[in-house]
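Where a number appears in this text, it was derived from the coordinates with a stated rule and is not lab data. It should be emphasised that the depicted structure is a prediction, and the values quoted were computed from it without experimental measurement. Positions of Cβ are backbone-derived with ideal geometry, glycine not excepted, and every protein chain shown enters the neighbour counts.
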Amino acid sequence: MPAPTTAARHRARDWGAGLAVGALATGLALAAPPTLTASSGGPATAAPAAASGAGATLAERSTKLRSTRFAFRANGYGTSVEGGDLPVESSRTAVSSIGCTNLLGKDNSNTVVDADVPGLLQVGTVDSTTQTKRVKGRTTSIGKHKVADVAIGVPGLLTLGISAVNTVAKAWHGPDGYDSRARTSLGRLTLGLPGGLEQSLPLPSPEQPVTVPGLLRIQLGRTIEKANQTQARSYATGLEVKIIPTGTVVKISRSAAKIEEGERGGIFNGAGAPVQVSLLGDLIKVGQAVVQRMPCLGTGGERLEEAAATVDLAGAIRIEGAQGTTRTTQNRRKNKAKAVATATVGRVDLGGGTLVIDAIRSKATAVRNGKKVRRSSDGTTVGSISFNGQSFALPDLDGIEIPGLATIETDVRTRTPFGMRVVALRISLLEGTEIDSVVDIGLAKVKIRPF
């Protein structure tokens with residue numbers, strides 16, 4: 001397996017994903033009871049920067065954009081890790097996305113070189129592309145992802161080498177109506193054994209996975225192709241590898257595309273996520289936990305909800321009473337639309353009671369009238385916070401600093417094109433600490449893009 005090439009990945013290997021999450025709680029537990037001070041800056045106005053990995057290159061190619069009557073979506077990623085001993089939704093590499101747009105000519109790309117999940121997964125070059133374009137007289141949504149090579153380690157036993165995992169998903173509208181297509185391809189599988197030995201493995205077929213007894217199960221991912229009179233969508237995952245001793249599943253090269261009839265009231269985008277944790281400058285994503293996403297064409301006045309009684313992230317952050325909701329309404333005749341997203345948490349416990357926050361709620365609202373969008377975070381609240389048994393009320397929270405460790409901010413608002421993003425409470429480890437971590441509690445975001 002190749003050696004790491006950046007300081008961030010050196011730190012990732014040293015600490016490990018679970019330990020990195022725990023470092024925030026451990027640091028809080030070791031900190032002296034605070035003499036809390038106000039930080040010099042006001043509330044942050046920008047969300048944490050997203051870094052997909054070492055050598056990441058993101059681009060949106062300059063192309064003439066044209067409005068259409070369709071709503072497009074296309075997305076995907078190079079690799080993801082789920083379940084087992086790792087946190088929720090851990091480390092998606094080379095993410096590329098076009099979400100909720102009616103614009104033809106969108107062309108986004110993301111190239112990542114040498115990203116990894118510490119102690120488990122190392123990824124070579126990943127090329128991700130999402131597009132909306134005309135192809136042979138068809139209005140088309142496209143997702144394409146190419147993964148050059150991946151190494152998956154079973155500690156102390158073997159390494160699985162995977163090369164050339166490619167997926168393409170297309171959904172289109174043409175003279176014959178809606179249709180879709182999904183395709184996958186796979187290059188080579190090898191096992192790296194102790195002593196430097198290497199063994200080739202057969203490629204899996206749709207009916208027959210490849211197994212290494214007691215250690216690995218390797219199978220082709222799912223492909224979906226669906227179309228009807230109003231929409232088409234496709235989905236492809238190149239390969240799924242289950243690490244049997246830990247129950248961890250690695251998905252490699254995922255592409256998805258969708259096109260559907262649009263609505264005059266607007267194209268919606270938003271979500272309510274009770275908790276999101278970012279580690280190592282967003283290299284490792286541990287949330288969003290319990291996320292309710294807003295459908296591209298809205299909810300038709302219905303309130304959609306995603307909830308969980310208890311969520312545990314890496315044994316360091318315990319969330320009780322987590323709920324995310326979204327709701328949209330629109331009046332096509334008057335060209336008006338409204339979108340609301342909320343995220344609520346009954347209690348968040350970091351470090352086994354060291355830091356406890358109660359009654360958190362974020363709310364983001366966007367109202368569009370013609371071309372104008374009005375934004376609001378009214379309804380965003382935080383009940384109380386206690387650190388080592390000492391309680392603080394909401395007015396005392398904003399700008400608080402736990403000396404040498406973290407800052408706490410409330411009602412962090414970010415204005416975005418056609419919408420906004422609201423975080424009820426943000427805990428950020430200070431620059432210079434061992435682990436670069438941000439915990440967003442109560443994340444709500446909305447956007448209404450006009451047709």
Which of the peptides 230-242, 326-338 is most tightly packed, and how do the rest follow, going by the mean number of other Cβ atoms within 10 Å of each residue?
230-242, 326-338
Along the charge dipole of segment 60-261, pointing to its positive end and built from +1/-1 on Cβ of Lys, Arg, Asp and Glu, which listed residue (Val135, Leu216, Tyr77) has its Cα farthest out?
Val135
Of the listed peptides 300-307, 184-191, what is their order by residue-averaged count of other C-beta atoms within 10 Å, with the highest listed first?
184-191, 300-307
Put in order of increasing Cβ neighbours within 10 Å, starting from the fewest, Val249, Val147, Val168 give Val249, Val168, Val147
Ascending count of other beta-carbon atoms within 10 Å, so fewest first, for Thr246, Thr111
Thr246, Thr111
Hey, if you put +1 on the Cβ of every Lys and Arg and -1 on every Asp and Glu Cβ in segment 60-261, which of Gly124, Gln199, Val112 ends up farthest toward the positive end of that dipole?
Val112
Please list 3J(HN,Hα) in residue order for segment 374-385, calculated via the Karplus relation 6.51 cos²θ - 1.76 cosθ + 1.60 where θ = phi - 60°; whole Hz, with x for glycine and proline.
9, 10, 8, 10, 4, x, 7, 9, 10, x, 7, 9
Which pairs break 28 Å Cα to Cα here: Lys106/Lys363; Lys64/Lys251; Lys258/Lys371?
Lys106/Lys363; Lys64/Lys251
Can you bin segment 60-261 into rounded, prolate or oblate? Criterion: square roots of the alpha carbon gyration tensor eigenvalues sorted a ≥ b ≥ c, rounded for a/c under 1.5, prolate for a/b above b/c, oblate for the rest.
prolate
Treating only the Cβ of Lys, Arg, Asp and Glu as charged (+1, +1, -1, -1), what charge dipole size does segment 60-261 show about its Cα centre? Round to the nearest 20 debye.
1020
What's the exposure ranking of Thr132, Thr365, going from fewest to most Cβ atoms within 10 Å?
Thr365, Thr132
